[in-house]
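See below for the structure under consideration.
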Amino acid sequence: MNVNPSPAPYRADPKITSLGEKIGDPARPADFPKAILRYRNNLWAATVGLDGLSDEQWIAHFARFEPLPDNLPQPLALRYHGHQFRVYNPDIGDGRGFLFAQLRDHLGRLLDLGTKGSGTTPYSRDGDGRLTLKGAVREILATEMLEALGVETSKTFSVIETGEELWRGDEPSPTRSAVLVRLNHSHIRIGTFQRIAYEDDAARMKALVDYVLRHLYGETPEDNPAAELMSLAVARIADQAAAFMVAGFVHGVLNSDNINITGESFDYGPWRFNPTWNPNFTAAYFDQSGLYAFGRQPEAMHWNLTQLAISLRLICDSPPLVEALERYPALFQAALVRRFLWRLGVPSRGEENDRALVEASERAMIDAQIPIADFFHFHRGGAVSGERWSGEKYEAFVQLLRPYTVTEVAAYWHAQPPCSMLIDEVEAIWAAIAEQDDWSSLTRKIAAVRAYGAALRDG
């Protein structure tokens, strides 16, 4: 998903129906009292041929969920299980969202339009199936910033305020409500495989593996499809873990039902960006043990991949699955170095030098308490700003950085302040909306983040 968007015609392709009725349950959208369009992502709408919709048509499809042409006739609440904070839960599934449509983008990739806050489903349990407007605004900010930072992420496609008052125990209530639509490279999760393994359905597992390989990875299944998928997923999810670290991002809830099989981050709840390189920083107030703390995210991803391997044992012997899993540490380290150099804007100088630079960077940020966004901004292109910070570990980093200096650095890095997405700013953006219905700070922030992303991509 992390590619430059380009216009394309609308091409419906609801491939999910090939998996049969047990992949999900028909869902009925909520009948919302209002539909106030608050955000439409025309940049990504153009890639799937939907940017030409009028606002009225947009609301019809993404608030009332009238089917898109030649697409799913009715939304599907997808079925899955999952480990939630390492405890297996067989009683979950899409509880406040559904798969609304599938379509091809400008690169021919199969993408999903899925929802959050669209009403109750067979898996809502005691929930109301709704989403707070604050949660929707936070998801816009998370996905925009992650996209700028090169993280494979879902795109917030649409946010429509729905006119209901919601009561939540963890924020001031009543609060405003919204329905969100995301554009995603599949909503198939590790938890999807876990449910099929739990049900001991080998035929369905083979069909799901085939679907993922063909339609999500663009691969023709060979002699051992499950092992092939495992190898591909390990590489993608190792890269996802590395991307989180280099972005300074803490997802907050890395349960197996929140891990997309293609390694694309999605479903943002209590996320935070880490102010400094603090391995113990957590995003969720309920993560009392720090299971999903910043520095433990690579471990969490590896643990979830182990659950995928256990599920695939239904149709595959252990050795090739274990072999794929054992590649994770090396793949993660390689991705971490590659992404670190990308954000610094410097070329590789060989594996040994690059790893030494990354390790020295981490030590310097921890020792000098350098804000992550500032660190990458002021050293972009190998620039040395020693007057800003001091200390033995910082000086050691500076010496390792000097040979990486780039002769020409884009003007952006000299003219603009560091771009970050820390909690105080997120709360201030929301406060302006909540108190004055002022959306201008959100609009300005999106523009700033997109300019930042363009500068990262262009050098």
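The values are calculated or read from the model by the stated rules, or taken from the named source; none is laboratory data. Quick caveat: nothing in here was measured; it's all calculated off a predicted structure. Cβ placement follows ideal geometry from the backbone for every residue including glycine, while neighbour counts extend to all protein chains displayed.
Here is how the numbers come out for the structure above:
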{"quantity": "Val159 being part of a strand (DSSP E or B), within 18 Å of the chain's Cα centre (by Cα), more than 21 Å from Leu107 (Cβ to Cβ) and of a type outside the set (D, E, K, R)", "calculated": "yes"}
{"quantity": "Residue list for region 1-26, restricted to those being assigned to a helix (DSSP H, G or I) and either in contact (Cβ under 8 Å) with a residue 60 or more places away in the chain or buried (at least 17 other Cβ atoms within 10 Å of the Cβ) (or both)", "calculated": "Lys15, Ile16, Ser18, Leu19, Lys22, Ile23"}
{"quantity": "Helices (runs of 4 or more DSSP H) within region 382-459 that include 2 or more residues aromatic (Phe, Trp, Tyr)", "calculated": "392-401, 412-415"}
{"quantity": "Residue list for region 71-90, filter: free of Cβ contacts under 8 Å to residues at least 12 places away in the same chain and within 19 Å of the chain's Cα centre (by Cα)", "calculated": "none"}
{"quantity": "Sole exception among (1) on the phi > 0 side of the Ramachandran plot; (2) modelled with pLDDT of 95 or more for Ala293, by number", "calculated": "(1)"}
{"quantity": "Given (1) in the same structural domain as Pro270 (by TED's automatic domain parsing); (2) among the charged types (D, E, K, R); (3) within 17 Å of the chain's Cα centre (by Cα), number of the condition Arg195 does not satisfy", "calculated": "(3)"}
{"quantity": "Extreme residue, nearest to Pro371 (Cα to Cα), among residues of region 409-457 that are of a type in the set (Asp, Glu) and either in contact with a helix residue (DSSP H, G or I) (Cβ under 8 Å, 6 or more places away or on another chain) or surrounded by 15 or more Cβ atoms within 10 Å (Cβ to Cβ) (or both)", "calculated": "Glu425"}
{"quantity": "Residue in region 100-111 that is under 17 Å from Arg182 (Cα atoms) and part of a helix (DSSP H, G or I) present", "calculated": "no"}
{"quantity": "Count - residues of region 27-48 that are assigned to a loop (DSSP other than H, G, I, E, B) and of a type in the set (A, V, I, L, M, F, W, C)", "calculated": "4"}
{"quantity": "Filter result for the condition that a residue is closer than 29 Å to Gly49 by Cβ, touching a residue at least 24 places away in the same chain (Cβ under 8 Å), of a type in the set (Gly, Ala, Ser) and surrounded by fewer than 24 Cβ atoms within 10 Å (Cβ to Cβ), over Gly163, Gly150", "calculated": "Gly150"}
{"quantity": "Sole residue being surrounded by 18 or more Cβ atoms within 10 Å (Cβ to Cβ), in contact with a Ser or Thr (Cβ under 6 Å, 6 or more places away or on another chain) and among the basic types (Lys, Arg), chosen from Arg130, Arg138, Arg176", "calculated": "Arg130"}
{"quantity": "Some residue of region 402-422 being within 20 Å of the chain's Cα centre (by Cα) and among the polar types (S, T, N, Q)", "calculated": "yes"}
{"quantity": "Among residues of region 60-80, those that are small (Gly, Ala, Ser) and in a loop (DSSP other than H, G, I, E, B), counted", "calculated": "1"}
{"quantity": "Residues of region 144-173 that turn out to be at pLDDT 95 or above and either closer than 24 Å to Lys34 by Cβ or in contact with a Leu (Cβ under 6 Å, 6 or more places away or on another chain) (or both), as a count", "calculated": "13"}
{"quantity": "Pairs with Cβ under 8 Å, 6+ apart, first in region 240-253 and within 12 Å of Arg343 (Cα to Cα) and not assigned by TED's automatic domain parsing to the domain that holds Glu362, second of a type in the set (Val, Ile, Thr) and part of a helix (DSSP H, G or I)", "calculated": "Gly248/Ile372"}
{"quantity": "Failed item in (1) touching a helix residue (DSSP H, G or I) at 6+ places or on another chain (Cβ under 9 Å); (2) in a loop (DSSP other than H, G, I, E, B); (3) of a type outside the set (Asp, Glu), with Ser173 passing the rest", "calculated": "(1)"}
{"quantity": "Count of region 27-42 residues which are surrounded by 17 or more Cβ atoms within 10 Å (Cβ to Cβ) and either farther than 25 Å from Asp438 by Cα or under 20 Å from the mean Cα position of the chain (by Cα) (or both)", "calculated": "6"}
